[in-house]
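The values are calculated or read from the model by the stated rules, or taken from the named source; none is laboratory data. Just so it is clear, the model here is predicted, and its values are computed rather than measured. Counting neighbours? That spans all protein chains shown, and the Cβs are built from the backbone with ideal geometry, glycine included. Side chains included, ligands, DNA and RNA excluded: accessible areas come from the protein's heavy atoms. Shrake-Rupley method; radii C 1.70, N 1.55, O 1.52, S 1.80 Å.
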Amino acid sequence: MDFNEVDDAVIQRIRAMNERVEQAQEADLYYYNQPISELRGGARVLVRGREMGMYASYSYLGLIGHPRINAAAKAAVDRYGTGTHGVRSLAGTLTLHRELEETIAAFKGTESAITYSSGYVTNLTVVSTLLGRNDYVICDKLNHASIVDGCLMSGAKFLRFNHNDMQALEHRLQQVPAGSAKLVIVDSVFSMDGDIINFPKVVELCRKYKAWLMVDEAHSVGVLGKTGRGIEEHFGMEGVIDVKMGTLSKTIPAVGGYVAGKKDLIEYLRHASRAYIFSAALPPAVAAAAKVAFEVILDEPWRVGKLCENSKQFIDGLKQRGFDTMATETAIVPVLCGSDEMAYMMTRISQHHDVFVLPVVSPAVPPGLARLRATVTTNHEPEEIEQAMDVILLAGKEIGMI
Ligand SMILES: Cc1ncc(COP(=O)(O)O)c(C=O)c1O
């Protein structure tokens, strides 16, 4: 590598990472960034000419490729073309964007909603718009990276509490000086572990200490609640979250992020959040697909029920086969491996047997807690799930984990 003969910290960082990747590739332990050539219903995919069972997708309700959603996206292209050529505040807002935001607000039971170009950007911009240097933000230690980045960007005093530890949260709330603004942010379902936040207690503590509450629902929309509306429905506590954040890239088969909440909050974000003011609007096909996807969730409620059944089968089956699936209760099912190497080897053997799973290693999870992060969707059939679990068992036995 030759960058004008520079030899500084930047080049060292680049070299270190690239060497790590090359070593993994040479040892046939690198399975990231594989091109998928066909999405056969989402539960099966074609990778390098081989059909594999897909157990790493966020298409929880199997909506990817849904005929109604595809038709809406195609109609939007025919009507508006492929781009918006502008930011929302200037010439970028289409009637479609407004319809999507109204649909999200209705789905989430709020007065209003705002959309951004990704879930990641939503967390960055919303946290850093709401908070400034004199404020406090309190986060669960396992919150998603985009929340952490938003907190750092805001300049607010950043306090973290041990994962799902409500005593620790209360302790943090007590540390905030009287009169200071404070925002508590939690994931509803944790993206690496699949467990659910102790929501009733978080709400109680936010009320007691007069803190704002923001919840990232990336992995609970379509997953939690009888009709898939998310964590408030799951606990029968409608209307208690101040800032309801979510993505359009998981259950919703599109891309983008949103916040739903009170009209005043959303109007403020529309005029103050930099990712809305300085970044182009969602493409028409994406906005149309996302809008119809929310409608499909409500029109086809069996999907949520089947996801629950499939998740239960997957979690119970892996436990019965001797794996540690940690505290998951949802469609995200970690298979604890321990070292990064064990997780890589589990992936290699599973993929060689046509089960598409991927490893999560440090720093995404603490060292020693590397895992397969498997997911199951509505579109998997019970027999397929059994076969996939048998392959994972075979892998576990082959490397001496079981
Ligand atoms: C909890 C959580 N929040 C936010 C995001 C970012 O969403 P997006 O992929 O739509 O940018 C993710 C994505 O993995 C996530 O898991």
Q: Quickly run through the range 244-268 and pick out the residues that are within 18 Å of VAL127 (Cβ to Cβ), open to solvent by less than 10 Å² (accessible area, probe 1.4 Å) and within 13 Å of the ligand (Cβ to nearest atom).
A: LYS244, MET245, GLY246, GLY256, GLY257, TYR258, VAL259
Q) Somewhere in the range 344-358, is a residue basic (Lys, Arg) and either under 30 Å from GLY109 (Cβ atoms) or out of contact with any Phe, Trp or Tyr (no Cβ under 9 Å at 6 or more places or on another chain) (or both)? A) no
Q) Would you call ARG321 more than 16 Å from ALA56 (Cα to Cα) and among the basic types (Lys, Arg)? A) yes
Q.
Need the failing condition index for ARG13 against (1) in a helix (DSSP H, G or I); (2) within 16 Å of the ligand (Cβ to nearest atom), just the number.
A. (2)
Q | LYS226 being more than 17 Å from TYR58 (Cα to Cα), assigned to a strand (DSSP E or B), touching a residue at least 24 places away in the same chain (Cβ under 8 Å) and not aliphatic (A, V, I, L, M) | A | no
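This table checks each residue for (1) under 20 Å from LYS74 (Cβ atoms); (2) more than 22 Å from the chain's Cα centre (by Cα).
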| residue | (1), (2) |
| --- | --- |
| SER273 | no, no |
| PRO284 | yes, yes |
| ASN310 | no, no |
| PHE314 | no, no |
| GLY317 | no, yes |
Q: Exactly one condition in (1) more than 16 Å from the ligand (Cβ to nearest atom); (2) modelled with pLDDT of 95 or more; (3) hydrophobic (A, V, I, L, M, F, W, C) is not met by ALA91; state its number.
A: (2)
Q.
Filter the range 235-269 down to the residues that are in contact with a strand residue (DSSP E or B) (Cβ under 6 Å, 6 or more places away or on another chain) and among the basic types (Lys, Arg) and list them by number.
A. LYS244, LYS263
Q. If you take the residues in the range 187-219 that are more than 18 Å from GLY236 (Cβ to Cβ) and assigned to a strand (DSSP E or B), which one is farthest from the ligand (Cβ to nearest atom)?
A. TRP212
**Q.** Per-region count, the range 129-154, residues of a type in the set (Gly, Ala, Ser) and away from the ligand (no atom under 15 Å from the Cβ)
**A.** 2
(Q) Just to verify a result, which residue in the range 151-163, among those that are out of contact with any helix residue (DSSP H, G or I) (no Cβ under 7 Å at 6 or more places or on another chain) and aliphatic (A, V, I, L, M), is least open to solvent (accessible area, probe 1.4 Å)? (A) ALA156
Q. When you scan the range 164-186, how many residues do you find that are open to solvent by 30 Å² or more (accessible area, probe 1.4 Å) and part of a loop (DSSP other than H, G, I, E, B)?
A. 6
Q | Qualifying positions in the range 203-240 - aliphatic (A, V, I, L, M) and more than 19 Å from the chain's Cα centre (by Cα) | A | VAL203, LEU205, ALA211, MET237, VAL240
Q) ILE241 passes all but one of (1) farther than 23 Å from ARG373 by Cα; (2) within 16 Å of the ligand (Cβ to nearest atom); (3) touching a residue at least 40 places away in the same chain (Cβ under 8 Å); which number fails? A) (3)
Q. In this structure, is PHE235 open to solvent by 20 Å² or more (accessible area, probe 1.4 Å) and more than 20 Å from THR378 (Cα to Cα)?
A. yes
